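The values are calculated or read from the model by the stated rules, or taken from the named source; none is laboratory data. Computed from a prediction, not measured in an experiment: that's the story for all the values here. Every residue, glycine as well, gets a Cβ built from its backbone with ideal geometry; the counts of neighbours run over all protein chains shown. Accessible surface is based on the protein model in full, side chains and every heavy atom, while ligands, DNA and RNA are left aside. Shrake-Rupley method; radii C 1.70, N 1.55, O 1.52, S 1.80 Å.
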Amino acid sequence: MRPRRQAGGDRGSFTAELAAGLPALVLLLAVGLSAVSAVVTKSECLDMARSVALATARGDRDAAALAGPPGAEVSVVVDGDLATVTVRAPLRALGARLGPASVTASVTAAVEPGVTGTAAGATGNAGSSGSVTGGAVDGGDGAGSPPERHR
């Protein structure tokens with residue numbers, strides 16, 4: 001025969017451990033989902049910046065109206081034979097904006113020979129109805145580094 005355990009010794013210990021560990025697990029999951037969301041937003045910004053830079057280099061005036069991440073701001077600066085496009089979008093996690101944090105992608109493309117009338121100094125919002133207003137941007141990625149050059 002086995003000896004019986006005394007009542008009350010370990011009783012409720014699993015519940016206490018679960019109550020202490022569950023918030024940490026939920027926080028870890030939220031941080032992981034936010035990190036994945038940031039990477040996806042960065043990828044969308046880079047893809048949009050590439051598309052707008054190529055369209056601008058080919059002479060498309062409405063390039064800043066291309067679709068991108070929600071709330072993205074697009075800046076196009078044409079300086080001589082180079083078109084620099086910067087896309088900035090707010091970080092979101094589970095549909096909510098994460099304060100002032102944003103992701104920035106910048107791409108520079110060579111303007112094709114013979115192209116005139118590019119959208120120099122144009123800025124706009126992604127998903128807008130195609131309206132483009134004047135403005136400028138520092139041309140960097142927000143960290144003080146120069147933009148990438150793609151030729």
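Residue-level analysis places ALA93 outside the set of residues that are within 18 Å of VAL115 (Cβ to Cβ), in contact with a helix residue (DSSP H, G or I) (Cβ under 6 Å, 6 or more places away or on another chain) and open to solvent by less than 20 Å² (accessible area, probe 1.4 Å). Here ALA89 fulfils each of the conditions (1) modelled with pLDDT of 90 or more; (2) not in a strand (DSSP E or B) apart from (2). How many of the residues in the range 37-53 are open to solvent by 90 Å² or more (accessible area, probe 1.4 Å) and either among the aliphatic types (A, V, I, L, M) or in contact with a Lys or Arg (Cβ under 9 Å, 6 or more places away or on another chain) (or both)? Number satisfying all stated conditions: 1.
Listed by first and then second residue, the pairs linking a residue in the range 14-39 that is within 26 Å of GLY95 (Cβ to Cβ) to a residue that is among the aliphatic types (A, V, I, L, M) and surrounded by fewer than 10 Cβ atoms within 10 Å (Cβ to Cβ), with Cβ atoms under 7 Å apart and 6 or more places separating them unless they lie on different chains, are LEU33/LEU94. Can SER37 be described as touching a helix residue (DSSP H, G or I) at 6+ places or on another chain (Cβ under 8 Å) and among the polar types (S, T, N, Q)? The answer is no for SER37.
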